[in-house]
Amino acid sequence: MIGEITLDVLRNSILITGLVLIMMLLIEFYNVASKGRRFEKLKGSPSRQVFLGSLLGLVPGCIGGFAAVSLYTHRLISFGALVAMMICSSGDEAFVILAMIPEEGLLLFAILFVIAVAAGLAIDKFVPLKSNRILAKCDDLAIHKSDGGSIPSIFRRSSYAVMRHPSRERIIILAAVALFIGAVIAGLLEHEHAGSPEGHNHIVTFNFLSERWINLVFAVFSIVTLLFVSTAKEHFIKEHLWNHIIKKHLPSIFLWTFGALLVCHIAMHYIDAEEWIGDNLLTVLLIAVAIGVIPESGPHLVFVTLYAQGMIPFYILLANSMVQDGHTTLPLLAENKKTFFWAKFTNLILGLAVGLGCYLIF
């Protein structure tokens, strides 16, 4: 039984990690291709700052959050906008949420956005802009001077000249993406293979939020990623893809995903965890909010997994998501600990209030 559980968890972990990395690679391509300008042209009124801060928080991964912190340190957005970003941001967990529970994930992000805008506007109303604590300038966006021309057109034959002498890193990434595409199309990483009756039912009813359709969409994205990797300059491959995403994010995403899934699967088979959680929802809520304070991606995946398996209600995932923001605010912690703790404390109170309110109502 343990072997079957481990194999199933391993298959799911590879699928989720692959989907997450493809999304991260595409956002990295977009960020570098635009030279970060899409995230820097954000000036205007306090209400517009809060709105834009919330939008940046919705960007999966750390790029949007880093951009918001950088804008705050450059006096371009308010403290309310910073808090709004933190409420919306789920860090790398956002990728996992989209991979595991896409339909509920979109609803979660929509609710987070509404709460973030309302909270940000309220904070700025009671905390005047002149009282907002401004930090020294810093640069958090991973854009280098040598990034110019790192993303050639994939529709130009000359762009593929770099494949004449590919580096080891490029070959490894290309091989991994190609294998992932093949596995996804063949249905090797799914709960239900394409050849099963359930798989045929998904196709007949055109349920575009089903596992099969979502994975096929990501297979297309993966093919686009394959073309980008085949044309990008060596600097982009080594610095952005290999050193940043593969070496920094891949191990932690896979290990945390595998660990969270394994613990939850074993708990469901050998422990009546569902009954315990059902009898102690308030305790689970407090734990979810407390863990949300940790400025790191990973621990929060436990609650995503618990919700995906129907073991906790939606509002616990919502409260955890409000408080946690991955590692997007680590640059803020490095620059000014007081501002970081005030922002985290504000999010903690808001997340706890929403969670307790839902607990009492439902």
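The values are calculated or read from the model by the stated rules, or taken from the named source; none is laboratory data. All values derive from a computational prediction rather than experimental measurement. FYI the Cβ positions are ideal-geometry reconstructions off the backbone, even for glycines, and counts take in every protein chain you see. Each accessible area value is taken on the protein alone, full model and side chains, heavy atoms only, with ligands, DNA and RNA left out. Shrake-Rupley method; radii C 1.70, N 1.55, O 1.52, S 1.80 Å.
Listed values, structure above:
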read-out: Of Lys248/Lys338; Lys125/Lys344; Lys125/Lys337; Lys233/Lys338; Lys247/Lys337; Lys238/Lys344, pairs whose Cα-Cα distance is over 30 Å; value: Lys233/Lys338; Lys238/Lys344
read-out: Inter-label distance for Ile287 and Phe362, nm, one decimal - labels placed 7 Å from Cα along Cα-to-Cβ; value: 1.8
read-out: Segments 247-254, 321-328 sorted - mean Cβ within 10 Å per residue, highest first; value: 321-328, 247-254
read-out: Potential extension, Lys248-Ala118 segment - 0.36 nm per residue separation minus Cα distance; value: 43.4 nm
read-out: Accessible area (Å², per residue) of region 219-362, counting only protein heavy atoms and a probe of 1.4 Å; value: 44
read-out: Accessible area of region 222-362 belonging to carbon and sulfur atoms, whole % at 1.4 Å probe; value: 72
